[in-house]
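Below: the structure, in C-alpha cells.
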Amino acid sequence: MTLRIGTRRSKLALAQANEVAGALAASGVRTEVVPITTAGDRGADPASDPAGIKGLFVAEIVRALRDAEIDLAVHSAKDLPAGEDEDVVIAAVPERASALDVLVTRDGGLRTGARVGTSSIRRRAQVVRWRPDVVVEDLRGNVDTRLRKLAAGETDALILAAAGLVRLGVVPEHLAPMSLAEMVPAPGQGCLAVQSRAADGATIDALSVLDHPASRIALEAERGLMARLGGGCALPLGAFAEPTAHGVRMVAIALTPDGSRFARTEVDAATPDEVAALAALDLSAGGADEILGLVGP
C-alpha cells in the first residue's frame, strides 16, 4: 500500500510533507506526495471562505482527502481553522519544532525608526507594544521572497517563524530568537497536523508512529483556546502551551491590531481542555472578547 500525501505546493509545505514521508518510510510505509494548489496560493480574498484566511490554505486539500484523492494531508497546524468536522481527524501530531518567532535584520540591529515587515496582525500588534519606536509595514510573500526584500532594502527587519526557517534549511546571518515576553506565537506554530479520514482505520494506524504526545497536548490546548475565542480567521491572538509535571501551562495574548489594547494571561491546569477554558476566561475578563470583536471575521 502506498499512502498519498496531500499538501500545498509551496516550498515550505513540500518540505513538511517530505518530513512526514521520511518518517513514515522509516517505519516501512510507502508514500507519494501529491501537491495541491489552494485558493490561498492563488491569492483569493479571505472573505470568500467562511473560515477566513486559514480556510483558504486548507479547504481544497481537505476536499481531496474527503473525496479519497489523497489518503492523508499535511498542514502547518497554525493554518487550520479551530473547528474540525466529524469525518476528518488529526490522526498524528509529529514532534513540534520551535514554536517561537525570530527577528531577522539586515545588519544585526533594530534602530529607532527601523521598518519591520510582516503581514501578520498578531505580529504587528506585538511589535508595536514591544518596540513603539519602529515602523511596522505590510510585507507579503514566502520566506525566500521576504528575505530577498530584506536584502534589497525594502525593509530593515522581518519577523518569521523559527520552524519554517529550520524546515527550509535557511539560516539568515542576523537572526535573534524572540522570547514569549516579546512575541507570543500563533496557536499551533511549529506543529504539523496530519489529517486522515475518520473512517480510514488503516491509515490512522499507519500514522500512529508519528504521533508525539507532548506536541499533541500542546496543540489541543492552543486549538481549544482558538475555538473558544472564535479563532477561525487570522485574529491577533497568540498562544503557547506546553506540558508540565502537573498538567499543562499556557501563555496567551489577544490584542487590537494597533497594539493599543491587549489582554494577556499565563495559566496552569490539569488537561489541555481545562487550560484552554481557563485561559479563555482570563482573556475574556481582560476584555479579549471586545478586543477580538473589533477585528471581526
Have a look at 162, 198, 280 and tell me which one the Gaussian network model of the chain (Cα, springs below 10 Å) gives the largest fluctuation. 198
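Averaging sequence separations of C-alpha pairs under 8 Å and six or more residues apart, then dividing by the length of the chain, give the relative contact order as a whole percent.
Reported as a whole number, the value is 20 percent.
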Mind telling me which of 72, 180, 235 comes out most flexible in a GNM of the chain, alpha-carbon contacts under 10 Å? 180
Between residue 26 and residue 68, 0.36 nm times their residue separation minus their Cα-Cα distance comes to what? 12.7 nm
Helix axis angle, 11-26 relative to the chain longest principal axis, alpha carbon, degrees: 40 degrees
Which far-off residues, 5 or more places away or on another chain, put their amide H under 5 Å from the one on residue 91, with H placed in the peptide plane? 194, 195, 196
Relative pair counts by distance (%), Cα atoms of the range 170-242, 10 Å bins: 16, 36, 33, 13, 2
Between the DSSP loop rule and a limit of at most 10 other Cβ atoms within 10 Å, which GluC sites (Glu not before Pro) in the range 162-227 are left? 173
Dividing the alpha-carbon radius of gyration of the chain by 2.2 N^0.38 Å, where N counts its residues, gives 0.98
Charge dipole magnitude, Cβ of K and R +1, D and E -1 - the range 101-177, Cα centre, debye nearest 20: 220 debye
Could you state the number of Å between the C-alpha centres of the range 210-265 and the range 58-109? 15 Å
Measure out, as a whole number of angstrom, how far apart the alpha-carbon centroids of the range 164-181 and the range 110-147 sit. 15 Å
The answer for residue 33, listing residues at least 5 apart or on another chain whose modeled amide H is closer than 5 Å to its amide H, is 5
Cα-based Rg of the range 226-293 per 2.2 N^0.38 Å, rounded to two decimals? 1.07
Taking the convex hull of Cα positions in the range 101-177, its mean projected area over all directions (nm²): 4.5 nm²
Farthest toward the dipole's positive end in the range 100-181, which of 113, 150, 132, given Cβ charges of +1 (Lys, Arg) and -1 (Asp, Glu) about the Cα centre? 132
Rounded to 5, the percent of DSSP beta bridges in the chain classed as antiparallel: 70 percent
Just the number, please: percent antiparallel of the DSSP beta bridges in the range 101-177, rounded to the nearest 5. 60 percent
Report the residue, chosen from 273, 258, 67, that carries the largest GNM mean-square fluctuation when the chain is represented by alpha-carbon nodes joined by springs under 10 Å. 67
Cα-projected label distance for residue 281 with residue 19, points at 7 Å along beta-carbon direction, nm: 3.5 nm
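Taken together, the values in this text are just the output of simple stated rules run on the coordinates, not laboratory data. These numbers come from a predicted model, not from an experiment. Backbone-built Cβ (ideal geometry, glycine too); neighbour counts: all protein chains shown.
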